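The values are calculated or read from the model by the stated rules, or taken from the named source; none is laboratory data. Here the structure is a predicted model, which means the values were calculated and not measured. Here the Cβ positions follow ideal geometry from the backbone for every residue, glycine too, while neighbour counts run over all protein chains shown. These accessible areas exclude ligands, DNA and RNA; they are computed on the full protein's heavy atoms, side chains included. Shrake-Rupley method; radii C 1.70, N 1.55, O 1.52, S 1.80 Å.
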Amino acid sequence: MGLPMLAVVPATVHAQEAPTVAQAADPAAEVVEFTADEVSYEGDAETITASGAVRMSRDGNYLAADRVTWNRQTGEVRAIGNVVVLTPEGDRLIGENVALTDTLRDGTIDNLLIVLESGGRIAAARGNRRNGVTTLENAIYSPCPVTSATGCPKKPSWSITAARVTQDPATRTVRFAGGRLQLFGIDLPLLPIFAISSGDGSAGGWLMPDISLSTKKGLEMAVPYHWKIAPNRDLTITPHLYTGVWPALEGKYRELNRIGAFQLGGFLTYGTIESADFAATDDEGRGLRAYFEANGRAQLDPVWSITGSLRAASDKTVTRRYDLTRDDRLRNVINAERISPNAYVSIAGWAFQGLRPEDEQKQIPIALPAIDARFRLDDPLLDGRIELQANSLSILRIDGQDTQRAFASARWDLRRLTRWGHELLLTGYARGDVYHTDESASTAVPVYRGTDGWHTRGIGALAADARWPLVGPAFGGIQRLTPRMQVVLTPPTQNLDIPNEDARSIDLEDSNLFALNRFPGYDRWEDGSRVTYGAEWALDRPNLSIVTNIGQSYRITRRQIFPEGTGLTDRISDIVGRTRVRYGRLIDLTHRFRLDKDNLGIRRNELDLTVGTDQTYAQIGYLRLDRNIDPLIEDLRDKEELRLAGRILFQRYWSIFGATVLDLTGEEEDPLTLSDGFTPIRHRLGIAYEDECLELGLSWRRDYERFGTFRKGSTFGLRLALKGFGR
């Protein structure tokens, strides 16, 4: 060989410089690169021994150890002491005595630890690796940390033990044969074969079951089965077994492709169909009950996209009985959008399904098409900004009023700062409308109808909005006082012959006090010139922030089209304002109000308060609307509601939580209400455990919903979520 029996080689050696390492046996073999503090070569035995911080790599496989012995004849690589093997998939194998082939890919390890790329760990008495597949004997897996923050040993809250574990990098799964789940040290049986993901994806197989108990369904067990069809597609089938009603089947399909993502879901069962009619005394009978949902988004090119959301239910009570959704109406929309820096175009279609007892499906509108286009000019006039808008909407009803409209508008805004610090905003607005409606007499509320036939309308407005921020020190911080005044000039506008489809829920509040049009939507325009005035005061200190505003408006002309009780009926409006106080992350208080202009009576009183930390907190929400509005206008009915919620962390990982919603509405506020002034809506109470790798909770929920013959009742739920199954 030309080499002495024992040779000492420099500290860093590469296989390219030593052909006896790999290329002597096979000149075409891939090279192995390694570094070490000391390398010796025993010629007769054809053995290379490297010691002292040995590092070897080949084909993406990496080995680190205190000592490595390489036998050229057998191709065995024996690593001893602090051995770490890093695979191309990102997993780490840790042991003290490791035997590998010279590819560093296959081998056998005693008393090893595997750190998965997903973060979990597997310890085993023995393991071997063949063609990239690792098989372990007498293994235990857990994604939980095994030491505390101070470095003390810590028993994981859950783990899986198995006689045999197989890790396959091709499928990126870890399969447990004959496994058991250890939860807080208690052994629970698993399925004969159980699999988890070892990478950043998901593994197929049975998922953790959901267990609940309710007065309407009895004991429920839902056991989802997840089928990973491809890296970008999966399907989850969930059988639901009940003791009180017939079984149900739920499915969800998801896909991510080159143009976007979408998902389809459905729920199917058979059973008694409750009547949603308040006057009903008997159920509607038995039959199939189903729910369908789908949503997705396709990005056709950098500016054009299509978004869709579809939902449908077989009857009005199926979603509540089977806890599918709490929504009282299901929206269906398909929307094609073009979004560019200076333009926006939307072409959409909308349909709705009403789930409230009073909803008549044939009278619920279908909006098709709904077109909106907006353009901002690159060369603004007089250094201002010009926005052009075109809008078209067709509203159809199977049984009821139909309306079509189209309009085009132009808006010019100019913002200036004066030498005295005033902020001035000048606005010019012009719009032309065309409307057509028929069967207006079928609309129950007269102020919403308009008149049949064709109608045109011209709208114009000029506005000037001035603010004067005054800043200075106060109370150990910085305060800011900003008086504000707005003048809007607009001629009388034809409104009452136009049907009102999208501008019904009008209510004066701080958010729309200075709006150019305080009606929502486009079907109503606030004509009559007016002056709006108010002020905002803010204080900023370390850990303390206070922001409050107040305002009112005065209509120069006597003309008005607002319903009684909205705060805008007379020439002088009600007084509105909002205050928000934040003290660090401990207190967050928001209060909104509207005061009657004549007697300062409270017409709107809304409070949202959060006190505490992220782990222990209390929340209070209160709303009272006392506007004396005609009860026939259902969009503006008065109400009073109290919401309470809280959570207490009584140990490091244990907490109790609860919430309630109470309807305090009485006949003096809403003559049509069904509440007696103190009617519970729902209660919730539970206890939960959550650490780094486990969520466990038991909860009780009571819903007091009444839909004809349907009563929701109580539901007890058991939640178990094991963290660490992939990402």
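Looking only at the stretch 93-104, decide whether some residue is open to solvent by less than 40 Å² (accessible area, probe 1.4 Å), under 20 Å from residue 71 (Cα atoms) and under 40 Å from the mean Cα position of the chain (by Cα). Looking for residues that are open to solvent by less than 40 Å² (accessible area, probe 1.4 Å), under 20 Å from residue 71 (Cα atoms) and under 40 Å from the mean Cα position of the chain (by Cα), one finds none in the stretch 93-104, hence no.
The set of residues in the stretch 299-341 that are open to solvent by less than 20 Å² (accessible area, probe 1.4 Å), assigned to a strand (DSSP E or B) and over 19 Å from residue 366 (Cα atoms) contains only 305. Here's a check for you: in the stretch 569-584, which residue that is outside any loop (DSSP other than H, G, I, E, B) and surrounded by fewer than 15 Cβ atoms within 10 Å (Cβ to Cβ) is nearest to the chain's Cα centre (by Cα)? The residue in question is 583. Of all the residues that make up the stretch 342-358, how many are open to solvent by 40 Å² or more (accessible area, probe 1.4 Å) and farther than 30 Å from residue 275 by Cβ? Going through the stretch 342-358 one residue at a time, the tally reaches 3.
With the condition kept exactly as written, say whether any residue in the stretch 504-517 is open to solvent by 40 Å² or more (accessible area, probe 1.4 Å), in contact with a helix residue (DSSP H, G or I) (Cβ under 6 Å, 6 or more places away or on another chain) and not small (Gly, Ala, Ser). Yes - at least one qualifying residue is present in the stretch 504-517. With respect to being open to solvent by 60 Å² or more (accessible area, probe 1.4 Å), touching a residue at least 12 places away in the same chain (Cβ under 8 Å) and at negative phi, residue 207 fits the description.
In the stretch 464-477, the residue that is nearest to residue 407 (Cα to Cα) out of those that are outside any strand (DSSP E or B) and open to solvent by less than 90 Å² (accessible area, probe 1.4 Å) is 469. The single condition among (1) more than 23 Å from the chain's Cα centre (by Cα); (2) exposed (fewer than 15 other Cβ atoms within 10 Å of the Cβ); (3) in a strand (DSSP E or B); (4) aliphatic (A, V, I, L, M) that residue 398 does not satisfy is (3). Regarding the stretch 655-674, can at least one residue be identified that is out of contact with any Phe, Trp or Tyr (no Cβ under 8 Å at 6 or more places or on another chain), under 29 Å from residue 538 (Cα atoms) and not in a loop (DSSP other than H, G, I, E, B)? The answer is no, given that none of the residues of the stretch 655-674 is out of contact with any Phe, Trp or Tyr (no Cβ under 8 Å at 6 or more places or on another chain), under 29 Å from residue 538 (Cα atoms) and not in a loop (DSSP other than H, G, I, E, B). Out of all the residues in the stretch 47-59, is one or more of a type in the set (S, T, N, Q), farther than 27 Å from residue 168 by Cα, in contact with a Ser or Thr (Cβ under 7 Å, 6 or more places away or on another chain) and surrounded by 17 or more Cβ atoms within 10 Å (Cβ to Cβ)? Yes - at least one qualifying residue is present in the stretch 47-59.
Only one of the numbered conditions (1) part of a strand (DSSP E or B); (2) open to solvent by less than 70 Å² (accessible area, probe 1.4 Å); (3) touching a Ser or Thr at 6+ places or on another chain (Cβ under 9 Å); (4) closer than 22 Å to residue 356 by Cα is violated by residue 686, and that is (4).
Looking at (1) among the hydrophobic types (A, V, I, L, M, F, W, C); (2) open to solvent by less than 60 Å² (accessible area, probe 1.4 Å); (3) touching a Gly at 6+ places or on another chain (Cβ under 6 Å), which one does residue 181 not meet, given that it meets all the others? Status for residue 181: all satisfied but (3). Put simply, of 410, 430 the only residue that is open to solvent by 50 Å² or more (accessible area, probe 1.4 Å), more than 35 Å from the chain's Cα centre (by Cα) and closer than 22 Å to residue 516 by Cα is 430.
Could you please give the count of residues in the stretch 163-177 that are of a type in the set (Gly, Ala, Ser), modelled with pLDDT under 80 and either in contact with an Asp or Glu (Cβ under 7 Å, 6 or more places away or on another chain) or surrounded by 13 or more Cβ atoms within 10 Å (Cβ to Cβ) (or both)? Please lay out each step first, then the result.
So the first thing to find is which residues in the stretch 163-177 are of a type in the set (Gly, Ala, Ser), and the list is 163, 170, 177.
Next cut, modelled with pLDDT under 80 only: 170.
Next, from what is left, pick out any that are either in contact with an Asp or Glu (Cβ under 7 Å, 6 or more places away or on another chain) or surrounded by 13 or more Cβ atoms within 10 Å (Cβ to Cβ) (or both): none.
Total satisfying the criteria: 0.
Residues in the stretch 452-463 that are surrounded by 14 or more Cβ atoms within 10 Å (Cβ to Cβ) and either within 22 Å of residue 491 (Cα to Cα) or touching a residue at least 40 places away in the same chain (Cβ under 8 Å) (or both): 7 in all.
Identify the residue in the stretch 180-206 that is assigned to a loop (DSSP other than H, G, I, E, B) and modelled with pLDDT of 80 or more and, among all such residues, is farthest from residue 255 (Cα to Cα). The residue in question is 185. Taken over the stretch 148-162, the residue count meeting the criterion of being assigned to a strand (DSSP E or B) and modelled with pLDDT of 85 or more is 5.
Scanning the stretch 372-395 for residues that are surrounded by fewer than 16 Cβ atoms within 10 Å (Cβ to Cβ) and among the aliphatic types (A, V, I, L, M), we see that the one that is modelled with the lowest pLDDT is 381.
Would the stretch 552-560 turn up any residue that is of a type in the set (Val, Ile, Thr) and farther than 26 Å from residue 426 by Cβ? Show your work before the answer.
Residues of the stretch 552-560 that are of a type in the set (Val, Ile, Thr), as a first pass: 556-557.
Imposing the further condition that a residue be farther than 26 Å from residue 426 by Cβ reduces the set to none.
Scanning the stretch 552-560 turns up no residue that is of a type in the set (Val, Ile, Thr) and farther than 26 Å from residue 426 by Cβ.
Contact map, the stretch 523-537: first residue more than 15 Å from residue 512 (Cβ to Cβ) and without any contact (Cβ under 8 Å) to a residue 60 or more places away in the chain, second residue surrounded by 21 or more Cβ atoms within 10 Å (Cβ to Cβ) and hydrophobic (A, V, I, L, M, F, W, C), Cβ cut-off under 7 Å, separation 6 or more or different chains; pairs are 529/488. Taken residue by residue, the stretch 528-551 has at least one member that is in contact with a Pro (Cβ under 7 Å, 6 or more places away or on another chain), part of a strand (DSSP E or B) and surrounded by fewer than 22 Cβ atoms within 10 Å (Cβ to Cβ). For the stretch 236-285, filtering for residues that are aliphatic (A, V, I, L, M) and open to solvent by less than 40 Å² (accessible area, probe 1.4 Å) leaves 5.
Considering each residue of the stretch 585-598, count those that are outside any strand (DSSP E or B) and within 26 Å of the chain's Cα centre (by Cα), and give that number. Spell out the reasoning first.
Taking the stretch 585-598 as the starting set, the residues that turn out to be outside any strand (DSSP E or B) are 585-586, 596-598.
Cutting the leftovers down to within 26 Å of the chain's Cα centre (by Cα) gives us 585-586.
Counting residues in the stretch 585-598 that are outside any strand (DSSP E or B) and within 26 Å of the chain's Cα centre (by Cα) gives 2.
Annotation note: of 626, 663, 608, the sole residue that is open to solvent by less than 40 Å² (accessible area, probe 1.4 Å) and in contact with a Ser or Thr (Cβ under 6 Å, 6 or more places away or on another chain) is 663. Residue 600 satisfies every condition listed in (1) out of contact with any Ser or Thr (no Cβ under 6 Å at 6 or more places or on another chain); (2) open to solvent by less than 40 Å² (accessible area, probe 1.4 Å) except (2). The set of residues in the stretch 298-318 being within 20 Å of the chain's Cα centre (by Cα) and closer than 30 Å to residue 715 by Cα consists of 309, 310, 311. Checked against the criterion of being open to solvent by less than 40 Å² (accessible area, probe 1.4 Å) and of a type in the set (S, T, N, Q), the candidates 557, 566 yield just one match: 566.
Output the residue which, of all residues in the stretch 210-235 that are in a loop (DSSP other than H, G, I, E, B) and in contact (Cβ under 8 Å) with a residue 60 or more places away in the chain, is surrounded by the fewest Cβ atoms within 10 Å (Cβ to Cβ).
So the first thing to find is which residues in the stretch 210-235 are in a loop (DSSP other than H, G, I, E, B), and the list is 215-217, 223-224, 231-232.
Next, only the ones that are in contact (Cβ under 8 Å) with a residue 60 or more places away in the chain stay: 215-217.
Details: 215: 13, 216: 21, 217: 21.
The qualifying residue surrounded by the fewest Cβ atoms within 10 Å (Cβ to Cβ) is 215.
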